[in-house]
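Below is one structure, written out as structure tokens, with a few remarks after it.
The values are calculated or read from the model by the stated rules, or taken from the named source; none is laboratory data. All figures in this text were calculated on a predicted structure; none of them were measured in a lab. Virtual Cβ from ideal backbone geometry, glycine too; neighbours counted across all protein chains shown.
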Amino acid sequence: MIVVIPAYEPDQKLIKLIDEIRKETAYSVVVVDDGSSPKAQPVFDALEGKATVIHHDGNKGKGAAIKTALAYIQEHMPGGEGVVTADADGQHLVKDIIRVCEDWKEHPETLVLGSRRFTGKVPFKSRAGNAITRFVFHISTGVRVFDTQTGLRAFSVKRIPMMLEMRGDRYEYEINVLLYSTRHRVPIREVTIDTVYIEDNASSHFHAVRDAWRIYKMILLFVASSLASFLIDIFAFKLLRLLFPAWGQLAAEVIARVISSVCNYLINKKLVFEGKGASSIVRYYILAVGILLADYGILAVLSRIMPEFLAKIIAGAVLYPVSFYFQRRFVFPAEEAKIEG
């Protein structure tokens, strides 16, 4: 196994971690100095002979540091079989790094996460932030991952090309890896590890607003397209009913759905689901017809007991998650990411 540790302004905890790794395992270690200040250089100097240290000229972000290490492994360490990423601040115990690696060795086709359960004394922002991300991730992908923000992850070196192609250079990189894995059916496993926060997580370089926005922006891309088409559908329907009252409810419903579905299909294919192949449009409109009939049926029932516009909103809200689920699973299915060799 090869341990990858991105490090920005590390202290003695990094030296202790690597000393323990060397004592307890035969793992190789690659550390990336992500543009730390001169005051941190004695820490990196102390790693000479214990780890391979690569330096960035400036701070490029955690994702960029991981990519630098993976590119180095790909070029200079061809004999490795597995990679495990860990944080430099002492939050990942060596026994947990070993447990994650051993689990990966038993399931080498998977992405194995060291999953914290956030028990004991955990900073509120960490507990709440992970709970929110966990919920949004599940709603967006249909996959349950308890600890979406863990930096302790093990995977095959044969997945390095995939990891290098991943978008994001900072904290959003890690959530992008999970999003990509769910889209391309890379199996994800979780191994429970200790939850360790030192001095209320004071050493973390996570920027609460800036980096959280990067993470949630990538997740919410999955739902933004469908929400936009949902609104287009509602207002197109209302406008058509006002301009052409003689057309009737069904005609307005069909035309509004055609307008919104074209917008939705193009956005989803290009930006959200990255679907390949012309056949996806056939599947899309088969689904669209089914949703349209269900929408019209719900609308016909509800409009008898409430204003038509309100009935339209309720029908759309009910059918939105159904449409999203079937688009993700059947209209734009990603091919399973395969490991060559």
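Under 8 Å between Cβ atoms, which residue pairs at least 6 apart in sequence (or on different chains) link something in segment 243-260 that is in a helix (DSSP H, G or I) with a partner that is of a type in the set (Asp, Glu) and surrounded by 15 or more Cβ atoms within 10 Å (Cβ to Cβ)?
Listed by first residue and then by second, the contacts come to GLN249/GLU308; GLU253/ASP295; ALA256/ASP233; ARG257/ASP233; ARG257/ASP295; ILE259/ASP233; SER260/ASP233.
Filter segment 170-193 for residues that are at pLDDT below 85 and in a loop (DSSP other than H, G, I, E, B) and give the result.
ARG170, TYR171, HIS184, ARG185 - these are the residues of segment 170-193 that are at pLDDT below 85 and in a loop (DSSP other than H, G, I, E, B).
Among strands (runs of 3 or more DSSP E) lying entirely in segment 33-118, which contain 2 or more residues that are under 22 Å from the mean Cα position of the chain (by Cα) and over 16 Å from GLN12 (Cβ atoms)?
82-85, 111-116
Quick one: count up the residues across segment 254-308 that are of a type in the set (Lys, Arg), surrounded by fewer than 15 Cβ atoms within 10 Å (Cβ to Cβ) and modelled with pLDDT of 80 or more.
Number of matching residues: 1.
Of the conditions (1) more than 34 Å from the chain's Cα centre (by Cα); (2) of a type outside the set (Lys, Arg); (3) at pLDDT below 80, ALA251 fails just one. Which one is it?
(3)
Only one of (1) in contact with a strand residue (DSSP E or B) (Cβ under 6 Å, 6 or more places away or on another chain); (2) modelled with pLDDT under 85 fails for ARG167. Which number is that?
Here ARG167 clears every test but (1).
Pick out the one residue from ALA26, ALA65, ALA46, ALA40 that is in the same structural domain as TYR171 (by TED's automatic domain parsing) and under 20 Å from GLU172 (Cβ atoms).
Only one candidate passes the filter, namely ALA65.
Test of understanding: among GLU75, GLU102, which residue is assigned by TED's automatic domain parsing to the domain that holds TYR8, within 19 Å of ARG189 (Cβ to Cβ), exposed (fewer than 15 other Cβ atoms within 10 Å of the Cβ) and not aliphatic (A, V, I, L, M)?
GLU102
Considering LYS238, LYS217, which residue is modelled with pLDDT under 65 and assigned to a helix (DSSP H, G or I)?
LYS217
Take segment 155-187 and flag every residue that is over 22 Å from ARG99 (Cβ atoms) and aliphatic (A, V, I, L, M).
Selection gives ILE160, MET162, LEU164, MET166, ILE175, LEU179.
Taking the condition among the polar types (S, T, N, Q) and either surrounded by 15 or more Cβ atoms within 10 Å (Cβ to Cβ) or at pLDDT 75 or above (or both), does THR119 pass?
no
If you check LEU70 against the conditions, is it in contact with a Leu (Cβ under 7 Å, 6 or more places away or on another chain), crowded, with 19+ Cβ neighbours inside 10 Å and either more than 21 Å from THR25 (Cα to Cα) or modelled with pLDDT of 80 or more (or both)?
Considered against the rule, which asks whether it is in contact with a Leu (Cβ under 7 Å, 6 or more places away or on another chain), crowded, with 19+ Cβ neighbours inside 10 Å and either more than 21 Å from THR25 (Cα to Cα) or modelled with pLDDT of 80 or more (or both), LEU70 comes out as yes.
If only one of GLU172, GLU165 is crowded, with 23+ Cβ neighbours inside 10 Å and farther than 21 Å from MET1 by Cβ, which one is it?
Testing whether each residue is crowded, with 23+ Cβ neighbours inside 10 Å and farther than 21 Å from MET1 by Cβ leaves just GLU172.
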